[in-house]
Structure formats: structure tokens, C-alpha cells
Amino acid sequence: MKGILTGTAAYGPFTNESDIDIAVPYWEVEGITKALKTLGIKVHDYKHVSPIYQGIWFEFSGKTIQIIAVITDVEMGAWEYATNEMKKLNVYKDREKRIRIFQRFYQIYCEENGIQDYTHCSPGPSELYVEDENDIPF
């Protein structure tokens, strides 16, 4: 598995307030954490951001960098697929809509790969899961 840039840094809209999200294999997080601490960068646990997925975050040059720990190949595939599909669409300034569209792409990938219970690893709070597929522009 490889790491991927995701979130608005990958598919927009990236603003001064945006953070930077990078999904990486979970086994890489410990090494990243050690390297950052060696450089004197304070590293925080990701649990405060989301109860659904794990990882770390840190501040660098005035930006929050979030490292999302991905456990399985299917989960990484879902992050990559959803990110790449989001890049093909117009930029959605409405954050909630952007999250719902991303989640729908994530769900499609999981379902196509035999994962029916993706709620434990899908990004974002469960109350934002797409209920009405008419809300999605595809």
C-alpha cells in the first residue's frame, strides 16, 4: 500500500483554513510519529477528530497535517477511489455535501469489493452517510 493525499488538498477547495489529509498504511504511522518527534514536532492522537478512524495530526508551517491510519488494502483502495472520483467533479464549496459525495464514492468501492459493513472505517460521522442517492450528482 502507498500513501495518498486526500481531502480538499487533493480535490478542493483548498483554502487558508484547510488542513492536509494523508492516508497511509497503519504500520507507517509509528515511524512517521518517531520522525516528527525527532524533529521536535508535537504529535497528537487523531481520536479527538474522529471516533471512526485512527491516526495522528500535527502542526507544520501554520497548517494542520492529518495522517489517517488505513488498515486494509480495500480501505486504502476506497480512499484512493473516492479521492480520484472527487477530482473529476466540480469543486463543492459546501463541506457537508462534499463529505456526503466522498462517502458515497467510498461506499461504492467497498460494496464492489465485498465489504458491506464499511461503517467502522468509512470517513466522517455516520449521520452524514448518504440516505438519498438523488442528493449525489452522479
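In segment 6-17, the residues that are closer than 10 Å to Arg98 by Cα reach residues that are among the small types (Gly, Ala, Ser) with C-beta atoms within less than 8 angstrom, at least six apart or across chains, in these pairs: Gly7/Ser18; Thr8/Ser18. Considering the conditions (1) in contact with a helix residue (DSSP H, G or I) (Cβ under 9 Å, 6 or more places away or on another chain); (2) of a type in the set (A, V, I, L, M); (3) at pLDDT 95 or above, Ile20 is excluded by exactly one of them, (3).
The values are calculated or read from the model by the stated rules, or taken from the named source; none is laboratory data. What you see is a predicted model, and the numbers here were worked out from it, not measured in a lab. All Cβ positions, glycine included, derive from the backbone under ideal geometry; neighbour counts span all protein chains shown.
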